[in-house]
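J.: Quick one: the structure is below, questions incoming.
The values are calculated or read from the model by the stated rules, or taken from the named source; none is laboratory data. No experiment lies behind these values; they were computed from the predicted model shown. When we count neighbours, we look across all protein chains shown, and the Cβ atoms used for this are built from the backbone with ideal geometry, even at glycine. Side chains are part of the model used for accessible areas, which takes the heavy atoms of the whole protein and leaves out ligands, DNA and RNA. Shrake-Rupley method; radii C 1.70, N 1.55, O 1.52, S 1.80 Å.
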Amino acid sequence: ILMLHGLSDSSFSFSRILPLIPRQYQAIALDARGHGESDRPETGYQLTELASDALHVLDAARVRRAFVVGHSMGTYVARTLAAVAPERVAGLLLLNPGPVGKNAVTQDLWSAVAEFSDPVDPAFVRDFQMSCIERPVPADFLDLVVQESLKLPAAIWRAALSGMMAYEPCENRISRPALVLGGDRDAVFSVSEMRAVASGIPGGR
């Protein structure tokens, strides 16, 4: 199982889920380029490049084929990966995806991110993370999520969000089983947007 996190998050986002995965599965939670403990190069944040990074991780782990779990930004990487390297993907689980990377919410976010300077304002990052939470989470977990987001300099926020917003839909090229999960109180994508993703993938549900 290859797990791909959302914008400004890291593998830590999956930390409360990883212990629940049955032991017969090998789970790899990846820090995307520029996020978490990964390197922060100035370039390489287009979705095809992030998908290529994920393939290199599978190669390094000697994993021939994986179920790919993507959350938010990670769903765009997962779909791109499934389209360009279908032989490496057993199936997709897409958590809170959108059919395109650019909608009213992400455009509003871009307006703020475009004005970022270093260091990024911790209050903005906390508000951003809080806006994505419908039910309370443990305070120490939220604090650590905010700390992970604060690892991104302003330029990486812009590069990663720009790459996500430039997504070119490829659902009709996905030949693997896909399940879309989302909530009707998601702050970024509506239920209709998430249903559009599922209906766009042959056999998606």
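J.: In segment 1-58, which residues are among the hydroxyl-bearing types (Ser, Thr, Tyr) and in contact with a helix residue (DSSP H, G or I) (Cβ under 9 Å, 6 or more places away or on another chain)?
T.: Ser8, Ser10, Ser11, Ser13, Ser15, Ser38, Thr43, Tyr45, Thr48, Ser52
J.: So, Arg185, is that one in contact with a strand residue (DSSP E or B) (Cβ under 6 Å, 6 or more places away or on another chain), over 15 Å from Val100 (Cβ atoms) and in a loop (DSSP other than H, G, I, E, B) or not?
T.: Criteria not met by Arg185.
J.: Which one of Pro86, Pro136 is open to solvent by 30 Å² or more (accessible area, probe 1.4 Å) and at pLDDT 95 or above?
T.: Within the list Pro86, Pro136, the selection yields Pro86.
J.: Regarding Val145, is this residue open to solvent by less than 70 Å² (accessible area, probe 1.4 Å) and either in a helix (DSSP H, G or I) or hydroxyl-bearing (Ser, Thr, Tyr) (or both)?
T.: yes
Each row is one residue, and each column tells you yes or no for (1) farther than 11 Å from Met3 by Cα; (2) free of Cβ contacts under 8 Å to residues at least 24 places away in the same chain; (3) of a type in the set (S, T, N, Q).
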site: Ile21; (1), (2), (3): yes, yes, no
site: Gly36; (1), (2), (3): yes, no, no
site: Arg64; (1), (2), (3): yes, no, no
site: Phe67; (1), (2), (3): no, no, no
site: Gly74; (1), (2), (3): no, no, no
site: Ala78; (1), (2), (3): no, no, no
site: Arg88; (1), (2), (3): yes, no, no
site: Leu92; (1), (2), (3): no, no, no
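J.: I would also like to ask the following. Which members of segment 89-123 meet the condition of being open to solvent by less than 60 Å² (accessible area, probe 1.4 Å) and either among the aromatic types (Phe, Trp, Tyr) or more than 23 Å from Ala166 (Cβ to Cβ) (or both)?
T.: Result: Ala90, Gly91, Leu93, Phe116, Ala123.
J.: Scanning segment 59-76 for residues that are in contact with a Gly (Cβ under 6 Å, 6 or more places away or on another chain) and open to solvent by 10 Å² or more (accessible area, probe 1.4 Å), which turns out farthest from Ile133 (Cα to Cα)?
T.: Going through the qualifying residues, I end up with Phe67.
J.: Name the residue that is farthest from Ser149 (Cα to Cα), counting only residues in segment 1-21 that are open to solvent by 10 Å² or more (accessible area, probe 1.4 Å) and hydroxyl-bearing (Ser, Thr, Tyr).
T.: Selected residue: Ser15.
J.: When residues of segment 148-177 are filtered for being part of a loop (DSSP other than H, G, I, E, B), touching a helix residue (DSSP H, G or I) at 6+ places or on another chain (Cβ under 8 Å) and among the basic types (Lys, Arg), how many remain?
T.: Qualifying residue count, segment 148-177: 1.
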